[in-house]
Amino acid sequence: MEQRRSFPWGVLLIVSLAVFILVIDTTTMEVSISALVDDLNTNVSTIQSIITIYTLVKAAFMLIGAKLQDFIGRKRTFMVGAVIYSVGTFTAAISHNAAMLLVGWSILEGIGTVLMLPATVTFITGTYEGKERAFAFGVWGGIAAVASIFGLVFGGYLTTFYTWRWAFAFELVILLIIFALHRMLKETRPTASWKSFDIGGALLSVLGLIALVFGILLIKEPAEWGIVPFLITGGIILLFGFYFWERRQIRKAKGILVDVTIVPERSFFAGNVVGIGQKFITAGFIFIFPLFYEIVTGASAYETGVALLPMSLAIVVFSILGARLASWFEPKHVLLGGITLTGAGLAALRDVFSLTTTAHDILAGSLLFGIGLGIVLSQVTNLTLSSIRSERQTDASGIYNTTRQLGSSLGTAIIGIVLALGFAHGLLSGTPSPLPPGQPLLSIGISEAAVNQGMEWAFVAMILVVIGMFIAGLFIRKTGKIV
């Protein structure tokens, strides 16, 4: 365990700031699409392609970003990533066309993210233990979840009243604070030489993840369904090839990209499944709720974010309190309780959506959902990574963050399709509803049954994922109360 500085929570402060800007970035951009199209004189398809490329860069290179800690040290990897991210943020802020935004945001910020994000995990495992580690991971998970929702408020506010460019300026301010505090981070010695870098493993993982994630993202585009099975199947085959390649490298005592022997470890595997599910339902909810609230009720992106503030606060509070619960009860049981509350919140929200739904109607269900999600976030990362020995934490953090990226992509794509199918089914079975007073023009002719059916199907799909999370959580080993 690394020796702590005079301010023991300095590392957590830096890690939290980093995670906040890395996560808020995506949702801020997603709610700014219309403004980006106008300012950069481009079209929606181009901006969506830029967002897709950003997602692909993060997913494809996360394992390599984690492994670089073994070659150049944890702090150096993190700080190099912060520098690259800063350059990308500045480039994106001053973009005058889509090409500049692509280079600055998708490429440079994407590369910066894959260097910084895995290090935020290993900084925590290398600095804290026991209750402090559980607390730190609770904060880490809570900040990540809330940042994605806060991005809706922040991005919506800036887009509505100012300009999306200020979002990047805000990120630069946070990065300057990180640079100012960097002395609180302690460097680790490199444990591998560049001669041992696994080029074959790197190629297989990058190509496999690009194919798999791109295929998942295209699920939302019915016109592209013809190539989706080939991309997903090809990606899975390449990743299986990567797995067996790494095992071969281990048998021959050669350099590896990731120690894949940790994957079958029961708690690690089950924890990753829970983590994928958590990101799936979070991404799915963040995708469909703004879609419903803005199109059906006519709310702005800013008003949508405000409607989700109670849920965001619940996530923050209970991701912190959850760490405390783990000192009173078995952490595995706390996790299972959080998963149960998350499912209960989704069940409460399932039938509340209609053409006349207000923020008050979703308050109880979203609060319950936020409480459960906060408790899950307080436990899942610590339970997953604590099952792996310290010398393999870089491998574990790379795999964990990669699977979380997959969960987000799956959630957005699959829940989007389920919503569309439910909406179509309801549209065929219902009759057009008269336009309620104060509703936007887009609601004219929309069937009440279509709205209700689409949202119900989406929430049922998320509830099924939560059931899968609960089953996976049962396979996590008990660790005993955290003291």
If I take every Cα pair under 8 Å that is 6 or more residues apart in region 1-189, average their sequence separation and divide by the length, what percent do I get for the relative contact order?
39
Over the chain, what is the mean sequence separation of C-alpha contacts under 8 Å (at least six apart), divided by residue count, expressed as relative contact order in percent?
21
Report, in debye and to the nearest 20, how large the dipole of region 198-256 comes out about its Cα centre when Lys and Arg carry +1 and Asp and Glu carry -1 on their Cβ.
420
For the chain, longest principal axis from Cα atoms; helix 331-349 axis from its Cα atoms; angle between them, nearest 10 degrees, is 20
Compactness of region 275-366 as Cα Rg over 2.2 N^0.38 Å, two decimals:
1.20
Consider the candidate values [x] 46, 33, 19; [y] 45, 29, 22; [z] 35, 25, 23; state which one is semi-axes √(5λ) of the Cα gyration tensor in Å computed from the structure displayed.
[z]
Measuring from centroid to centroid over Cα atoms, what is the spacing of region 260-325 and region 328-353 in Å?
12
Per the 1/(1 + (r/R0)^6) rule, R0 = 22 Å and r from the Cβ atoms of S45 and W166, FRET efficiency to 0.05 is 0.30
About its Cα centre, what dipole magnitude does the chain give when the only charges are +1 on Lys and Arg Cβ and -1 on Asp and Glu Cβ, stated in debye to the nearest 20?
2140
Please give me the summed charge of the neighbours of M455: other residues whose Cβ is under 10 Å from its Cβ, Lys and Arg +1, Asp and Glu -1.
-1
Can you tell which of I33, S106, F71 lies farthest toward the positive end of the dipole of region 1-122, using +1 and -1 charges on the Cβ of basic and acidic side chains (Lys, Arg; Asp, Glu)?
F71
Quick check for me: using +1 on Lys/Arg Cβ and -1 on Asp/Glu Cβ, what's the dipole size of region 1-189 about its Cα centre, in debye to the nearest 20?
760
Return the calculated 222 nm mean residue ellipticity for the chain, to the nearest 500 deg cm²/dmol, obtained by summing -39500 (n - 2.57) across DSSP H runs with n ≥ 4 and dividing by the residue count.
-25500 deg cm²/dmol
Just in region 158-242: which trypsin sites (Lys or Arg not before Pro) are loop by DSSP and have at most 16 other Cβ atoms within 10 Å?
K186
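Read-outs throughout are calculated quantities, based only on the coordinates presented, and are distinct from any laboratory measurement. Nothing here was measured: the structure is a model prediction, and the numbers come from that model. Don't worry about glycine lacking a Cβ; one is built from the backbone with ideal geometry, like all the others, and counts go over all protein chains shown.
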